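The values are calculated or read from the model by the stated rules, or taken from the named source; none is laboratory data. Computed from a predicted structure; not experimentally measured. Backbone-built Cβ (ideal geometry, glycine too); neighbour counts: all protein chains shown.
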């Protein structure tokens, strides 16, 4: 499933491709993708004539903002958008087509058919599912160390499931949680409320560094992820722990192990990420965070709001 860096890359790509275009008509061939309204014909008719003014993001959700409407889109496992000329053949598994007045089409393709679309009046989307209960947004000004501590520090659940919970922090999925925990030197099964202030700060900085670098690289193409222009992400070449089971840890040389935490496949180094402090967790930055610069506010802002090449989903 695309995580924050991949969805952010898609947002950037779509911004350059569809902002300013006006919808002439909409064709839906797989009704269950449309979650709101429940009348597909109404969905198609309400979008007609609206102009796209911005493409936003909230966590793993895209927000296609129009003059009077907002479309919230979740790509799920393999959903992807692409811009085509209207005379190009429609590929298999294309389920929604937005026909523009200039003769181009935004096509939504989803092999697994798990994606969703919700239509709202502007501002209304934040008061209803699927956005209503989402937590802190990383790489934005509100994601401070204090806010992160308040969201995580008292949780008795294991730290990995806590970070995957979108009601606490949004956008983090299996790949980037493993990467951040490795950078911070924290075992994925540590209860969140056992982390010291120093460990929480290291984890906070690791999340920022990991996501910033991943966004700059266009996300990770692990399976089928590409952007709105059909390009792959490049961050998979920089992964330090995810998918490296059996290989030597980049820090200590010990074999990387894989286990299951909270129902998710989890990669970690048993030497760099010991289960608890009594087993020698003396260096919160052991996972490699301290080898690079910590992203400041200026860097964080640029990584999200600056120009960048996209990746299809």
Inset, instruction - Might you check whether a residue that is touching a residue at least 12 places away in the same chain (Cβ under 8 Å), out of contact with any strand residue (DSSP E or B) (no Cβ under 9 Å at 6 or more places or on another chain) and part of a loop (DSSP other than H, G, I, E, B) occurs anywhere in segment 2-25? - result: yes
Inset, instruction - Report, by residue number, each residue of segment 200-219 that is assigned to a helix (DSSP H, G or I) and more than 16 Å from residue 150 (Cβ to Cβ). - result: 202, 205, 206, 208, 209, 210, 211, 212, 213, 214, 215, 216
Inset, instruction - Have a look at 94, 101 and point out the one that is surrounded by fewer than 18 Cβ atoms within 10 Å (Cβ to Cβ), touching a strand residue (DSSP E or B) at 6+ places or on another chain (Cβ under 9 Å) and in contact (Cβ under 8 Å) with a residue 60 or more places away in the chain. - result: 101
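In this structure, does residue 116 turn out to be farther than 21 Å from residue 5 by Cα, surrounded by fewer than 20 Cβ atoms within 10 Å (Cβ to Cβ) and in contact with a strand residue (DSSP E or B) (Cβ under 8 Å, 6 or more places away or on another chain)?
Working: farther than 21 Å from residue 5 by Cα: no; surrounded by fewer than 20 Cβ atoms within 10 Å (Cβ to Cβ): yes; in contact with a strand residue (DSSP E or B) (Cβ under 8 Å, 6 or more places away or on another chain): yes.
So residue 116 does not fit the description; no.
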Legend entry - Unmet criterion (only one of (1) closer than 17 Å to residue 2 by Cα; (2) in contact with a strand residue (DSSP E or B) (Cβ under 7 Å, 6 or more places away or on another chain); (3) modelled with pLDDT of 95 or more) for residue 166: (2)
Legend entry - residue 83 being surrounded by fewer than 21 Cβ atoms within 10 Å (Cβ to Cβ), closer than 29 Å to residue 202 by Cα and either touching a strand residue (DSSP E or B) at 6+ places or on another chain (Cβ under 7 Å) or free of Cβ contacts under 8 Å to residues at least 12 places away in the same chain (or both): no
Inset, instruction - Would you check if there is a residue in segment 127-145 being in a strand (DSSP E or B) and assigned by TED's automatic domain parsing to the domain that holds residue 45? - result: no
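Scan segment 198-216 and give yes if some residue there is more than 23 Å from the chain's Cα centre (by Cα) and at pLDDT 50 or above, otherwise no. Before you say what the answer is, go through the steps one by one.
From segment 198-216, those more than 23 Å from the chain's Cα centre (by Cα) are 198-199; that's our starting set.
If we keep only those that are at pLDDT 50 or above as well, we get 198-199.
Yes, segment 198-216 contains a residue that is more than 23 Å from the chain's Cα centre (by Cα) and at pLDDT 50 or above.
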